[in-house]
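K.L.:
My questions all concern the structure below.
Computed from the coordinates by the stated procedures, all read-outs in this text should not be read as laboratory data. Quick caveat: nothing in here was measured; it's all calculated off a predicted structure. Cβ placement follows ideal geometry from the backbone for every residue including glycine, while neighbour counts extend to all protein chains displayed.
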There are 4 protein chains.
Amino acid sequence: MEQSYRLVIACPDQVGIVAKVSSFIAELGGWVLEASYHGDESCGMFYMRNEIKASSLSVSLEEFTEQFQAIADAYDMQWFISDSAKPKKMVILASQSSHCLADILHRWRSGDLHCDIAAVISNHENLRSMVDWHGVDYHHIKINADNKVEANRQITDLLQQYDADFIVLARYMQIIPASLCEQYPGKIINIHHSFLPSFIGANPYQKAFERGVKLIGATCHYVTAQLDEGPIIDQDVIRVNHRHNKDDMVRLGKDVATQVLSRGIRMHLEDRVIVQGNKTVILD
Amino acid sequence: MEQSYRLVIACPDQVGIVAKVSSFIAELGGWVLEASYHGDESCGMFYMRNEIKASSLSVSLEEFTEQFQAIADAYDMQWFISDSAKPKKMVILASQSSHCLADILHRWRSGDLHCDIAAVISNHENLRSMVDWHGVDYHHIKINADNKVEANRQITDLLQQYDADFIVLARYMQIIPASLCEQYPGKIINIHHSFLPSFIGANPYQKAFERGVKLIGATCHYVTAQLDEGPIIDQDVIRVNHRHNKDDMVRLGKDVATQVLSRGIRMHLEDRVIVQGNKTVILD
Amino acid sequence: MEQSYRLVIACPDQVGIVAKVSSFIAELGGWVLEASYHGDESCGMFYMRNEIKASSLSVSLEEFTEQFQAIADAYDMQWFISDSAKPKKMVILASQSSHCLADILHRWRSGDLHCDIAAVISNHENLRSMVDWHGVDYHHIKINADNKVEANRQITDLLQQYDADFIVLARYMQIIPASLCEQYPGKIINIHHSFLPSFIGANPYQKAFERGVKLIGATCHYVTAQLDEGPIIDQDVIRVNHRHNKDDMVRLGKDVATQVLSRGIRMHLEDRVIVQGNKTVILD
Amino acid sequence: MEQSYRLVIACPDQVGIVAKVSSFIAELGGWVLEASYHGDESCGMFYMRNEIKASSLSVSLEEFTEQFQAIADAYDMQWFISDSAKPKKMVILASQSSHCLADILHRWRSGDLHCDIAAVISNHENLRSMVDWHGVDYHHIKINADNKVEANRQITDLLQQYDADFIVLARYMQIIPASLCEQYPGKIINIHHSFLPSFIGANPYQKAFERGVKLIGATCHYVTAQLDEGPIIDQDVIRVNHRHNKDDMVRLGKDVATQVLSRGIRMHLEDRVIVQGNKTVILD
């Protein structure tokens, strides 16, 4: 993969934004590999993602950034530019279930996920040897009703130590304290094993089984202080029928959850997800 | 299509039911075109559907029915046998939206739905000419806050007059009174334009838009006195994204609703749906 | 729906195209409702679609067109601009099957397809009354081995008489002569009842049944002189199993074909489809 | 999972088979956990799968088998009964790609695939450490134009040594010699990375890219001497568009292939797949 810069912008919509930004890029010789735009009528915002071939620019990333700030100021933009050569640092929180974790590690090891996996933190020991084999640090931090505050402090410390860019909850099963959510807004990715907003909270398969739904799903979303209410990145479903008991649903649900989480992570890694209120814009 | 009888059974599970029923059918020369079974561990019930070639039986349907009753008594069965040569009588309740109604009428006219469509009852006039063209009776019964009881009485009278076997709510948008639900248990089919139990009640697309889901759906279910809580027959979803506003969701949702309703009706017509508590067993 | 202009462009890729076009639009006050771009590395081409709010432009469509030609020349563009207020004229060729035709007519009548349906031409009489009811002209032109040239001449005459912008083959089942294909390049939309390139030619369901595939499909494509080889606009599939015989496949296939064709027509009507060699770019 | 016996039968269809078999099972006290039947009109065959709770039978598996033979002879049955307590022995042939192999090993290790994985044989060294970590034997057998016969002889020897019940080609990329196909009829499972019969042979993604299809797929099938022509067990597809180049298709295709192969293996392990000519009946 060739080195590229991703310029991602959100600002109030008005005539001329694309012209301004595109002209700026073109004047610096920038070859746009991919561009996506979205103007949202309901909130009056404009979103833009340009992926620029690094070698085509006549200036350095620093100079680009400095010069672009004038435009950003004029248009009241929230923005950033990321460098594909600097992979994001992911820390994974896991529990006892291995399916999502094994899938992420395998994709990463195969070169299909362009990121650094800095560490796995788990409240159980059982996945250590798998993580070890991948050459990734493993931290076991027990968490229970009595030590929650202390355990979450240890987790927060580790995240800082590893300088995590974002956090993936790979079936972590513990509630993230509000303080941590606020420290990493739009940076904590969770996989919920139901088609949200159906079956919010614990035991979604049991609830799905009792309701007799004909499809079960999974939802990848950013974590906020409101449990299971954060902005949805991706969702998918799989067909079930009366022959499937709760255990079958668990098994089938693993496949959907694994797929949806890995797709959500990819979108995040490629800087394609913009959070807009409690929703996401996916610039693909 | 060759004439067939469909023997549908529900009873407490025990060893030997299939042997007993199959032997009975075989002794009468019955050629089984299709057979499905389901034993449900969670409630200890057994369900069975046999589709028997009518011409293969050495006895009449009446004799079959009379003789089978002994087995039914011995095994504590709820059961019925239906004759494919006697199409069920459907009455459709509609409102202003035409998509589900047009689809049902077209499938019926093309010979793809084996039933009689006895009448369409609507609280609006706008679909009369379409229904007329298909040669189906059309009744306009206005319904509003003031005349609900009287209007529902008229509807009930018409259902009896037409001797309706079952009722399809093709985007009817009115609440069915509990008394009518009880009169036609497992006989009133509704299409809800969301992936239940998400977005129960009115305006599901608005709610879906606000929640930022990435899939919208439709649910075909039997109507009970509990609004949107009846046994689900079928569901499906379609992918949406941030570019879709509420109107797009309405448009896309129509396609899903139309498909799901027609599939649900087909299952009902073929005597494949068994209601078990608040769930369905689909013997396909 | 608000009036809009759709500016659609294809040209050799180079730095600065978006800047140039966007600046041109912005200088005329153009509010871009939606923009899509695609640079194709494999062939070095760039594609662009801008949907501009008509009322926002400070010039007329004629002036816009005239002034834009200078840019088009400089960048070696193939391009056009269409006006949403001037619906395209569709002529439908049909045969005996009603499912696709009924679906298109219903969507059009409900206001979901923004076009004029000028006429239906069929080699059978059976669908006349349905088309009549929709207030659309119906022409019956018998076609057989002996009169092919003459029949196709009559069809061509009718297309010219109705000033057709594009033609939809709604399960037409006859081969379109090469001369007609060349007269309407990228303007004749066919629905093939298989997942092309599987089961090219006649009787795809029979072939699918014999091969024992577990999914059957439908393909919407532009017609070229090479039968079933034209650029694909959209495709979809539906699951089948050993219980489905050929007749079931026909029935299930109708639903897929109907959906895929209507989606393909919508993309065409909204000027989202660009033909690139034997493939399509869909600017959605 | 409770121990069960699976009685699987294929025989010419006639009245009374289910009665006979069900009565036999019931007389021995057999509790049927699950039963599926299929009568195929097109070839006059009948297929049946009964899953019987082992502890409910009043006789041993050997006695059951011996006694059942009389029925099997009378009805000209091909049949077998398998014991869920005796997991099948799988040998995997792999090449350089890890996605299918990693997925199978993980499912097996998690207890989701009930089988023994006896060994992995590969024509490359690169996956050895992953297989070692799972505690599975790894054999590297180089294969090239010059040593094909000898290499295939070594593979055949290993299969016999390990007493393989069935073989999974997890993206093996080498042609299986006809002699090996004949030795393991309906016992060699391959995953082809296209939606067969589209894009038979090598480089399906390149072909799919060139044809401009809007869905790519994967096909799990039994291997026969006719390359890519064997009976299909399962298939699935994923949506692609003009933005996806060949590398994207490779990446997306991996996910579909992995899912479809694991579903096919599960069906085989549970004795649900019956080969009928060049097709399969899946008794689920």
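K.L.:
Helix B:17-27 against the longest principal axis of chain B: what's the angle in degrees, Cα atoms only, rounded to the nearest 10?
P.N.:
70 degrees
K.L.:
Rounded to the nearest 20 Debye, what is the dipole magnitude of the protein assembly as shown about its Cα centre when Lys and Arg each give +1 and Asp and Glu each give -1 at the C-beta?
P.N.:
Using Cβ point charges on Lys, Arg, Asp and Glu, the protein assembly as shown gives about 0 debye.
K.L.:
What list do you get for A:214, A:246 if you sort them by fewest beta carbons within 10 Å?
P.N.:
A:246, A:214
K.L.:
Say the dipole of chain B comes from +1 at the beta carbon of Lys and Arg and -1 at that of Asp and Glu; which of B:72, B:111, B:25 then lies farthest toward its positive end?
P.N.:
B:111
K.L.:
Computed over the Cα atoms of segment C:125-284, what is the convex hull's projected area averaged over all directions, in nm²?
P.N.:
That works out to 10.5 nm².
K.L.:
Which order do D:258, D:156 fall in if you start with the one that has the fewest other Cβ atoms within 10 Å?
P.N.:
By the 10 Å Cβ count, ascending: D:156, D:258.
K.L.:
Distance from the Cα centre of segment C:106-173 to that of segment A:149-176, in angstrom?
P.N.:
65 Å
K.L.:
Next question. Report the per residue volume, in Å³, of the convex hull enclosing the C-alpha atoms of segment D:149-203.
P.N.:
94 Å³
K.L.:
If I take the Cα coordinates of chain B and project them onto the principal axes, what are the three extents in Å, biggest first?
P.N.:
Its Cα atoms span 60, 40, 35 Å along the three principal axes.
K.L.:
With everything on Cα atoms, drop me the angle between helix A:61-74 and the longest principal axis of chain A, reported from 0 to 90° to the nearest 10.
P.N.:
80 degrees
K.L.:
Between the label point of residue A:178 and that of the same position in each other copy, find the distances and list them shortest first in nm, with every label point placed 7 Å from Cα along the Cα-to-C-beta direction.
P.N.:
4.0, 7.5, 7.5
K.L.:
Exactly which GluC sites (Glu not before Pro) in segment C:110-214 are in a DSSP loop and have at most 13 other Cβ atoms within 10 Å?
P.N.:
Hits after loop and neighbour filter: C:125.
K.L.:
Quickly estimate the mean residue ellipticity at 222 nm for chain A, helices only: each DSSP H run with n ≥ 4 gives -39500 (n - 2.57), and the total goes over all residues, rounded to 500.
P.N.:
-10000 deg cm²/dmol
K.L.:
A further question on this structure: From the P(r) of the protein assembly as shown, can you give the percent of Cα pairs sitting at distances over 41 Å?
P.N.:
Percent of Cα pairs beyond 41 Å in the protein assembly as shown: 50.
K.L.:
Pairing the Cα long axis of helix A:99-109 with the longest principal axis of chain A, what angle in degrees results, from 0 to 90 and rounded to the nearest 10?
P.N.:
40 degrees
K.L.:
Let me ask something else about it. Would you mind getting me the FRET efficiency between residue B:66 and residue C:144? Use the beta-carbon distance for r and R0 = 51 Å, nearest 0.05.
P.N.:
After rounding, the FRET efficiency stands at 0.35.
K.L.:
Taking a 27 Å limit on the Cα-Cα distance, which of the listed pairs A:214/B:20; B:214/C:187; B:187/B:254; A:254/B:214; B:246/C:86 fall beyond it?
P.N.:
A:214/B:20; B:214/C:187
K.L.:
Assigning unit charges at the beta carbon (Lys, Arg +1; Asp, Glu -1) and nothing else, what dipole magnitude in debye, to the nearest 20, does chain B show about its Cα centre?
P.N.:
The dipole magnitude comes to about 1220 debye.
K.L.:
Compute from the Cα atoms of segment A:4-83 the Rg and the Dmax, the latter being the longest Cα-Cα distance, and quote both in angstrom.
P.N.:
12.0, 38
K.L.:
Please report the projected area of segment D:209-249's Cα convex hull averaged over all directions, in nm².
P.N.:
So the mean shadow area of the Cα hull is 3.5 nm².
K.L.:
Putting +1 on Lys and Arg Cβ atoms and -1 on Asp and Glu Cβ atoms, find which of A:154, A:223, A:141 reaches farthest to the positive end of the dipole of segment A:88-282.
P.N.:
It is A:223.
K.L.:
Still on this structure, I have one more. For C:284, A:163, what's the fewest-to-most ordering of other Cβ within 10 Å of each Cβ?
P.N.:
By the 10 Å Cβ count, ascending, the order reads A:163, C:284.
K.L.:
Please build a GNM for chain A, connecting alpha carbons under 10 Å apart, and tell me which residue among A:211, A:153, A:266 fluctuates the most.
P.N.:
With Cα springs under 10 Å in chain A, the top fluctuation among A:211, A:153, A:266 is at A:211.
K.L.:
Then there's this: Distance from the Cα centre of segment D:216-246 to that of segment C:192-265, in angstrom?
P.N.:
Here the two parts' Cα centres lie 16 Å apart.
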